[in-house]
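Contents: one structure, followed by commentary.
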Amino acid sequence: MKATVLIDNKAPCRLASEWGLSVLIEHRGRMMLLDTGDSGAFIRNAEALGIDLSRVKSAALSHAHYDHADGFDAFFQVNRIAKLYIAQSAHENCYGIDRGEMVYMGVSRGLFARHARRIVRVSQPTEIAPDVWALPHSTAGLSQRGLEARMFVAPDRPDSTGAEAFDHPDNYLGDALSGKVADLCAAHERVRSCVPVPGEDELAPDDFSHEQSLVVKLDTGIAVFSSCSHCGPDVAIAEAKAFMPGERILALVGGFHLYETSDEEVRALAARLKVANVERIYTGHCTGDRAFAILVEELGEGMVSETASGLTIELD
């Protein structure tokens with residue numbers, strides 16, 4: 001298996017970065033895309049890395065937040081064949097508190113309607129490519145994590161239904177490929193700020209039923225991709241182990257959403273991951289520099305690596 005980070009918060013100078021995550025997975029002769037980041041910048045990075053995204057056969061959305069989904073409009077312009085696998089509960093109804101205010105943090109309005117013919121909704125473990133499984137959460141009580149993270153959903157708010165909800169600039173793909181990433185992300189933020197926020201009586205703590213992991217089966221074990229790990233990276237590992245009992249956990253890849261988590265909680269998480277016998281960790285995006293440093297301190301540099309645009313991970 002080979003995994004290439006196409007976009008992340010950090011990047012070498014020749015590649016773009018943004019607040020978001022996108023990973024290309026190559027396994028058993030197939031190419032799969034996990035998330036797209038916040039814009040089409042991942043496509044420009046893919047081109048710089050010599051990757052032809054038109055060959056991707058399957059795509060998956062880890063969860064219904066903008067920083068993982070809002071490049072899919074651009075992706076579908078360059079790829080005509082891939083099906084997009086999303087959780088059954090993924091909708092345009094995610095909100096969160098940012099700088100003291102409730103804001104919309106969901107996918108681009110109308111995204112699911114625009115690409116309905118390409119979308120497959122899953123509610124149970126689903127093989128989306130040979131030995132690659134989309135794994136929706138099976139853990140109860142995750143709404144408490146949503147409450148602690150100040151993330152909410154509006155269960156009764158309907159998705160947009162028409163193309164008029166398309167909120168990107170006319171030359172969206174061209175801007176992304178020419179490097180105007182900051183402008184695009186700023187435009188997205190302005191659009192999200194205009195989405196009406198429901199009243200408190202319409203909101204419920206997010207239980208992250210719209211979130212899923214990817215589990216890749218290799219000859220010697222499994223790799224778990226958990227893009228933002230709102231459920232908790234240890235929960236993602238526990239669910240993967242329950243799904244494929246007895247398998248070595250060769251790698252855990254993704255963001256861990258720890259940038260507002262206390263040092264003590266990060267150390268406790270490190271202990272749980274060690275007990276779970278996770279062999280390698282590749283993390284970035286929403287993990288945060290402080291938490292990353294603690295994970296390295298607790299688990300060692302040989303176990304924990306930082307992700308960035310262009311990073312390649314190869315496992316046998």
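FYI, it's all coordinate maths here, none of it is from the lab. Bear in mind the structure is a predicted one, so any value in this text is a computation, not a measurement. Cβ sites come from the backbone with ideal geometry, for glycine too, and all protein chains shown count toward neighbours.
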| message | Quick check of the Kirkwood formula: for region 83-150, what is the inverse mean of 1/r over all pairs of different Cα atoms, in Å? | response | 14.1
| message | Pick from ALA116, ALA251, ALA59 the residue whose mean-square fluctuation is largest in a GNM of the chain, springs joining Cα atoms under 10 Å. | response | ALA116
| remark: Plugging the Cβ-Cβ distance of LYS83 and SER54 into 1/(1 + (r/R0)^6) at R0 = 25 Å yields, to the nearest 0.05, a FRET efficiency of 0.95
| message | So for the chain, averaging the separation of alpha carbon pairs under 8 Å that are six or more residues apart and normalising by length, what relative contact order in percent results? | response | 20
| note | Mean Cβ-within-10 Å packing, highest first, puts peptides 140-146, 290-296 in the order 290-296, 140-146
| request: Sum -39500 (n - 2.57) across every DSSP H segment of at least 4 residues in the chain, then divide by the residue count to get the 222 nm mean residue ellipticity, nearest 500. | output: -7500 deg cm²/dmol
| message | Please report the spacing between the Cα centers of region 218-244 and region 96-153 in Å, no decimals. | response | 16
| task | Would you please report the Å³ per residue occupied by the convex hull of the alpha carbon atoms in region 191-252? | result | 105
| said: Could you give the length gained by full extension between GLU301 and GLU260, i.e. 0.36 nm per residue of separation minus their alpha carbon distance, to one decimal place? | reply: 12.5 nm
| How big is region 183-316 in terms of Cα radius of gyration and Dmax, in angstroms? | 16.8, 50
| query | Under a straight-distance cross-link criterion of Cα-Cα below 29 Å, which lysines are reachable from LYS217, leaving out those fewer than 8 residues away in the same chain? | reply | LYS2, LYS10, LYS57, LYS83, LYS241, LYS274
| Just the Cα atoms of the chain: what Rg and Dmax do they give in Å? | 18.1, 50
| query | For labels at GLU26 and SER123 in the simple 7 Å Cα→Cβ model, what's the distance in nm? | reply | 3.7
| query | Whole number please: convex hull volume per residue of the Cα set in region 10-147, in Å³? | reply | 122
| task | Kindly rank 253-266, 204-217, 299-312 from highest to lowest mean number of other beta carbons found within 10 Å of each residue. | result | 204-217, 253-266, 299-312
| Stretch LYS10-ASP159 to full length: gain in nm at 0.36 nm per residue minus the Cα-Cα span? | 50.4 nm
